[in-house]
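S.K.: If you scroll down you'll find the structure; I have some questions about it.
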Amino acid sequence: MLLSATRPRLTVAVTGLNATDSPGPGVAVIRALRETVDFDLRVIGLSYEALEPGIYLRDMVDRTYQLPYPSAGTAALLERLQYIKEQEDVAVLIPNFDAELFNFIKLEPQLRALGIRTFLPTLAQLEARDKLNLPAFGAAHGLHVPASRPLLHAGELLAAAEELGWPLVLKGRYYDAAVVHSLVQAEQAFGRLAGQWGVPLIAQQFVAGQEINIAGLGDGHGRALSVVPMRKLTITDKGKAWAGITLEDEALLALARRFAEATKWRGGFELEIMRAATGELFIMEINPRFPAWIYLTAAAGQNQPAALLRLALDLPVPMMDGYAVGKMFVRYAWDLITDHTQFQQVAALGEL
Amino acid sequence: MKLPYERPTLRKLTAGMPNKFGPRAGARAVTALDGVAVAELVARFGSPLFVLSERQLRRSYQAAVRAFGTRYPRVQLAWSYKTNYLNAVCRVFHQEGAWAEVVSGMELEKALGNGVPGPHILFNGPGKRRADLERACEVDAVIHLDNADELHLLLDVAAGRARRPRVALRVNLDAGIVPQWDRFGFNLENGEAWQALGRVACSGRLALVGLHCHIGTYVLQPAAYGAAATKLAALARRCAQELHTAVHYLDLGGGFPSTNTLKGAYLPATDTVPPLDDYAEAVAGALLGAGFPPDELPLLVLEAGRALVDEAGSLIGTVLANKRLADGRRATILDFGVNLLFTSFWYDHHISPTREFSTAAEPTVLYGPLCMNIDMLRESIALPLLAPGDIVVVHKVGAYNMSQWQQFINLRPNVVLIDQAGQPHVIRAAETLEYLQQLEAVPAHLL
Amino acid sequence: MKLKKNIATSEAGFVFNPATGDSFAANPLAADILARTKAGQEAAAIKADILEHYDVAPGQLEKDWDDLLAQLREFNLLD
Ligand SMILES: Cc1ncc(COP(=O)(O)O)c(C=O)c1O
């Protein structure tokens with residue numbers, strides 16, 4: 001190909017290859033990156049488990065290396081990345097997994113010294129949007145968030161319900177949630193969520209309405225370079241969008257821009273929005289990374305992962321204006337075929 | 001030369017990670033502590049063996065003094081005896097300049113025995129008896145009042161004394177951490193503390209010199225210390241204004257974490273524990289902004305325990321046996337258990353092999369030698385293929401283990417201190433059966 | 001020790017049980033033992049060879065041998 005011969009070669013490493021029914025964004029990020037016109041890309045997958053589907057998508061991912069679990073800490077991660085850097089000339093690394101961000105943000109200077117660039121929020125930004133801190137975050141920046149309070153024991157449920165009203169949303173510390181309509185239900189749900197995720201739980205005001213997600217890219221100086229809102233059309237039993245459509249709505253764009261401005265957000269983000277019947281927009285959750293449906297932004301004309309790649313390399317990125325409205329994604333499941341020998345390579349040696 | 005041997009083993013390949021260090025790395029071998037070979041230590045002092053590093057004790061102490069002292073002009077550390085009251089350890093800290101913080105009559109005597117002047121001993125604790133109070137008055141230690149009954153007992157003890165006993169009020173307060181420790185001291189928010197201060201002041205029999213709080217242990221939020229310092233400072237200002245009593249010192253207690261990882265924590269403590277500087281920044285900021293006239297800034301007292309001593313302690317032990325459990329899991333039995341490593345109930349201690357192994361690792365349950373079901377050191381840990389006789393080192397065990405250890409089923413082992421020149425000294429000898437039985441008496445009819 | 005017939009072993013130390021779909025990674029010594037067993041060598045001969053070449057006491061080897069058998073049994077790899 002003439003074109004690729006003229007484009008500089010670049011190696012990018014991407015995590016989040018767990019394209020399962022509660023998908024990580026890695027494969028979608030890679031798909032979007034592959035459409036960049038700037039580089040001739042080599043894509044390195046970084047996985048935590050041997051059966052992350054992205055590993056076996058061999059035409060998307062050139063080679064995969066396993067990483068130690070985030071719980072092993074930064075020292076183990078850095079050692080592994082040093083090894084990978086000896087094998088592959090990784091210039092940019094794009095983490096896509098909430099639980100690993102803390103480590104990658106902490107390691108930013110060391111990675112930079114290794115010659116690996118990232119483009120991530122700061123630790124303070126990461127902390128501020130944590131579920132537990134969301135009310136304070138909303139108050140500080142004048143953003144609507146549902147009223148909520150932390151719960152340490154089931155005895156506080158009644159007071160929480162009096163304050164927040166029925167039904168009540170109970171959220172696990174890290175994952176999982178339940179909508180409960182009575183004290184009995186609430187106590188049951190409390191036992192289950194606290195047993196699984198520990199305390200505190202978060203009791204949140206129930207907001208009825210339409211679920212909308214916004215994918216954005218902050219430049220770290222207060223500008224959202226790209227904002228693409230999407231309404232979920234079908235939702236899995238895990239609450240994930242299985243089909244969605246891009247929307248045109250100035251209020252949504254303004255909200256995301258205000259978020260980026262208030263926080264000086266650096267990197268990809270996703271706002272989970274509830275649009276109440278009154279039209280009021282509530283921020284239900286803020287994800288500090290691209291969502292799994294991020295390829296839709298590329299398909300609609302604003303390739304956020306490709307733009308993030310440029311930001312990581314200190315290349316200019318103009319404000320992106322306009323995207324295709326009514327562009328839809330419909331997700332599907334596909335059975336990749338591989339062989340036990342490949343699985344053995346990944347599971348035992350950590351490389352494929 | 002024969003080839004090095006490692007037992008033959010098979011690992012079932014699953015979707016998860018082969019080992020926690022990553023695919024190509026194993027646990028690092030630790031062959032020496034402060035320059036002394038682990039093998040030599042075991043040969044000379046046996047196994048298990050506690051080892052303390054004098055260099056690390058001093059380094060941790062100086063780091064704490066530096067963190068707070070560079071931000072606030074008047075700082076004093078008081079060594080929290082219960083954390084580790086081996087005399088050699090206490091004396092290292094006293095040499096560095098530490099006062100003593102004690103919580104019983106026994107600890108009070110220990111501090112006096114270590115040459116700490118009475119006025120430099122801070123006497124905390126909810127269980128002081130009359131005799132303890134009398135002794136404290138006698139040596140002019142500062143009594144940190146815990147409750148109203150104790151206050152009245154002390155007023156009684158103070159009656160007729162030539163010198164007014166010096167007291168501080170222990171306060172518990174809402175510093176924004178949960179659960180709030182409210183069982184020690186007088187509550188601030190409900191007015192109890194102020195009421196007690198009024199009683200102390202108007203009694204005329206006690207000299208109020210300080211205010212104290214200790215908000216918890218292994219507290220991960222520096223901001224909580226800022227909140228506590230703000231509240232304590234406001235209380236001190238109120239004492240000055242309304243009771244015309246100048247409080248000399250504010251004691252913010254201990255509770256600063258060490259870098260041991262709590263059980264159930266997702267990320268290792270080495271990555272998540274805030275540096276002591278963050279705590280110092282919060283406290284100094286609060287005190288400097290509290291409105292004290294510059295020449296009346298109170299002394300800041302700190303009772304850091306685990307943060308000063310945890311890292312300096314190691315426990316050397318030996319693999320006694322390996323076995324396979326009914327469900328196929330590997331189990332390793334060590335020569336120390338929860339009797340010596342009390343902190344394994346709440347920490348996932350870092351454990352190192354002491355020789356090189358291949359990267360093969362097997363998830364292993366770690367048991368101690370006690371014939372008790374609770375004697376489990378770790379439910380699952382990825383360790384190299386240890387064989388009987390292999391030596392391991394448990395790191396950061398200096399806090400609470402050498403005071404909360406139990407003489408149960410086995411005798412307690414040697415404790416050595418490696419001095420700054422790399423010389424090991426026994427600072428507590430291994431117990432003997434004779435030692436264990438010396439206080440026993442057998443009635444004549446059983447002889 | 002008699003490995004199931006259809007167990008596949010690879011040079012890299014991988015073991016595959018076609019009847020269950022399970023894969024295993026053997027460390028070098030275990031891989032060597034399995035390969036020799038498949039090739040029809042007797043246990044006694046394998047052990048003698050290990051004792052000759054490796055730094056291990058006979059008692060330790062016997063114990064570890066039993067443990068390997070326990071693992072193979074646990075993993076359903078023995079006849
Ligand atoms: C009054 C007081 N001060 C200081 C300490 C030392 O605590 P830490 O080891 O958490 O610093 C304790 C321990 O419980 C204490 O009760």
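Each reported figure results from applying straightforward, stated rules to the coordinates on display, with no laboratory input. What you are looking at is a predicted structure, and each value in this text was computed from that prediction instead of being measured. In this analysis, Cβ positions are derived from the backbone assuming ideal geometry, glycine residues included, and neighbour counts consider all displayed protein chains.
S.K.: Rank these for me by crowding, A:His340, C:His53, B:His244, going from fewest to most other beta carbons within 10 Å.
M.R.: On the way: A:His340 17, C:His53 11, B:His244 8.
Ascending Cβ contact count within 10 Å gives the list B:His244, C:His53, A:His340.
S.K.: In the range B:124-304, if the dipole is taken from +1 on Lys/Arg beta carbons and -1 on Asp/Glu beta carbons about the Cα centre, which of B:Cys239, B:Val142, B:Val219 is farthest to the positive end?
M.R.: B:Val142
S.K.: Quick check: Cα centre of the range A:271-347 to Cα centre of the range A:3-52, how many Å?
M.R.: Here the answer is 12 Å between Cα centres.
S.K.: Another one. Can you tell me how the protein assembly as shown classifies by the Cα gyration tensor, rounded, prolate or oblate, using a/c under 1.5 as the rounded cut? Intermediate values should be presented prior to the final figure.
M.R.: Working: a/c = 2.15, a/b = 1.19, b/c = 1.81.
Taking the square roots of the gyration eigenvalues as a ≥ b ≥ c, the protein assembly as shown is oblate.
S.K.: Helix-only mean residue ellipticity at 222 nm, chain A, DSSP H runs n ≥ 4 weighted -39,500 (n - 2.57), per residue, nearest 500. What is it? All intermediate terms of the calculation are to be shown ahead of the outcome.
M.R.: Working: 13 runs with 113 residues, N = 352.
About -9000 deg cm²/dmol.
S.K.: Further question on the same structure: Which residue fluctuates the most in chain A, going by a Gaussian network model with Cα springs under 10 Å, if the choices are A:Val43, A:Val92, A:Val325?
M.R.: Of A:Val43, A:Val92, A:Val325, the Gaussian network model singles out A:Val325 as fluctuating most.
S.K.: A follow-up question, please. Hey, what angle do you get for helix B:148-158 against the long axis of chain B, alpha-carbon based, 0 to 90 degrees rounded to 10?
M.R.: Its long axis makes an angle of about 60 degrees.
S.K.: Another question, then. Specify the inter-centroid distance of the range B:368-447 and the range B:264-322, based on alpha-carbon positions, in whole Å.
M.R.: Taking the Cα centre of each part, the range B:368-447 and the range B:264-322 sit 27 Å apart.
S.K.: Once you wrap a convex hull around the alpha carbon atoms of the range A:152-200, what is its projected area averaged over all directions, in nm²? Working shown, then result.
M.R.: On the way: hull surface 11.2 nm².
For the Cα atoms of the range A:152-200, the hull's average projected area reads 2.8 nm².
S.K.: Under 5 Å between amide hydrogens, which residues at least 5 positions from C:Leu78 or on another chain qualify, with H placed 1.01 Å from N in the peptide plane?
M.R.: Answer set, sorted by chain and number: C:Lys4.
S.K.: Give the angle, between 0 and 90 degrees and rounded to the nearest 10, that separates the Cα long axis of helix B:87-96 from the longest principal axis of the Cα atoms of chain B.
M.R.: 60 degrees
S.K.: Follow-up question, since we're still on this one. Quick one: length gained pulling B:Ala430 to B:Cys202 fully straight, 0.36 nm per residue minus the C-alpha distance?
M.R.: Numbers: separation 228, 0.36 × 228 = 82.08 nm, distance 5.24 nm.
Full extension of this stretch gives 76.8 nm more.
S.K.: Mean shadow of chain A, computed from the convex hull of its alpha carbons, in nm²? Could the numbers behind the result be given before it?
M.R.: Values: hull surface 74.0 nm².
The directionally averaged projection comes out at 18.5 nm².
S.K.: Of the options C:Ile33, C:Thr20, C:Ile46, report the single residue whose Cα projects farthest towards the positive end of the charge dipole of the range C:8-74 (beta-carbon charges: Lys, Arg +1; Asp, Glu -1).
M.R.: After comparing all options, I get C:Thr20.
S.K.: Still on this model: Could you work out, residue by residue across A:79-85, how many beta carbons of other chains sit within 10 Å of that residue's beta carbon, and then give the average as an integer? List each step's numbers first, then the result.
M.R.: On the way: counts 4, 5, 1, 0, 4, 0, 0.
Mean partner-chain Cβ count within 10 Å for A:79-85: 2.
S.K.: Report, in degrees rounded to the nearest 10, the 0 to 90 angle that the Cα long axis of helix B:54-69 makes with the longest principal axis of chain B.
M.R.: Between helix and principal axis, roughly 40 degrees.
S.K.: Any chance you could check the Cα centroid distance between the range B:92-112 and the range A:156-227 for me, in angstrom?
M.R.: 49 Å
S.K.: If you don't mind, there's one more thing I want to ask. So how strong a dipole does the range A:152-200 carry about its Cα centre when Lys and Arg Cβ are +1 and Asp and Glu Cβ are -1, to the nearest 20 debye?
M.R.: So the dipole magnitude of the range A:152-200 works out to roughly 200 debye.
S.K.: Ranked from highest to lowest mean number of other Cβ atoms within 10 Å per residue, what is the order of the peptides B:314-320, C:30-36?
M.R.: The packing order, highest mean first, is B:314-320, C:30-36.
S.K.: Quick one: which residues, 5+ away or cross-chain, put their amide H under 5 Å from the amide H of A:Ile235? H built at 1.01 Å from N.
M.R.: Excluding prolines and chain starts, which carry no amide H, the hits are A:Trp242.
S.K.: While we're looking at this one, here's another question. If you take each beta carbon of peptide C:29-40 and count the beta carbons of other chains within 10 angstrom, what is the mean?
M.R.: Values: counts 9, 7, 2, 1, 1, 2, 0, 0, 0, 0, 0, 0.
Mean partner-chain Cβ count within 10 Å for C:29-40: 2.
S.K.: Just to check I understand the Karplus step: with θ = phi - 60° and J = 6.51 cos²θ - 1.76 cosθ + 1.60, what whole-Hz values come out for the range A:126-132, glycine and proline as x?
M.R.: Karplus-based 3J(HN,Hα) across the range A:126-132 equals 4, 5, 5, 8, 4, 2, 5 Hz.
S.K.: Averaged over every viewing direction, what's the projected area of the C-alpha convex hull for the range A:292-352? Give it in nm², one decimal, please.
M.R.: Working: hull surface 27.1 nm².
Dividing the Cα hull surface by four gives the mean projection, 6.8 nm².
S.K.: Taking the Cα centre of chain A as origin and charging only Cβ (+1 Lys, Arg; -1 Asp, Glu), how large is the dipole, in debye to the nearest 20?
M.R.: Values: 32 positive and 38 negative charges, 89 e Å.
With Lys and Arg at +1 and Asp and Glu at -1, about 420 debye.
S.K.: Rounded, prolate or oblate: which fits the range B:351-433 when a ≥ b ≥ c are the square roots of the eigenvalues of the alpha-carbon gyration tensor, with rounded for a/c under 1.5 and prolate only if a/b beats b/c?
M.R.: Oblate is the answer for the range B:351-433, as a/c is 1.5 or above yet b/c matches or exceeds a/b.
S.K.: How large is ³J(HN,Hα) for each residue in the range B:269-281, as worked out from phi by the Karplus curve 6.51 cos²θ - 1.76 cosθ + 1.60 (θ = phi - 60°), to whole Hz, x for Gly and Pro?
M.R.: Taking θ as phi minus 60°, the curve returns 4, 4, 8, 10, 6, x, x, 4, 4, 5, 5, 4, 4 Hz for the range B:269-281.
S.K.: Step through the residues of the range A:7-23 one at a time and calculate ³J(HN,Hα) from phi using the Karplus curve (6.51 cos²θ - 1.76 cosθ + 1.60, θ = phi - 60°), rounding each to whole Hz and writing x for Gly and Pro.
M.R.: Per residue, the Karplus-derived 3J(HN,Hα) values read 8, x, 7, 8, 9, 10, 10, 9, 9, x, 7, 7, 7, 9, 6, 10, x Hz.
S.K.: Charges only on Cβ, +1 for Lys and Arg, -1 for Asp and Glu: so what's the dipole of the range A:208-330 about the Cα centre, in debye to the nearest 20?
M.R.: 220 debye
S.K.: Can you sort A:Asp98, A:Asp89, A:Asp219, B:Asp295 from fewest to most other Cβ atoms within 10 Å of each residue's own Cβ? Don't skip to the answer; put the middle values down first.
M.R.: Numbers: A:Asp98 17, A:Asp89 13, A:Asp219 20, B:Asp295 5.
Fewest-to-most Cβ neighbours within 10 Å comes out as B:Asp295, A:Asp89, A:Asp98, A:Asp219.
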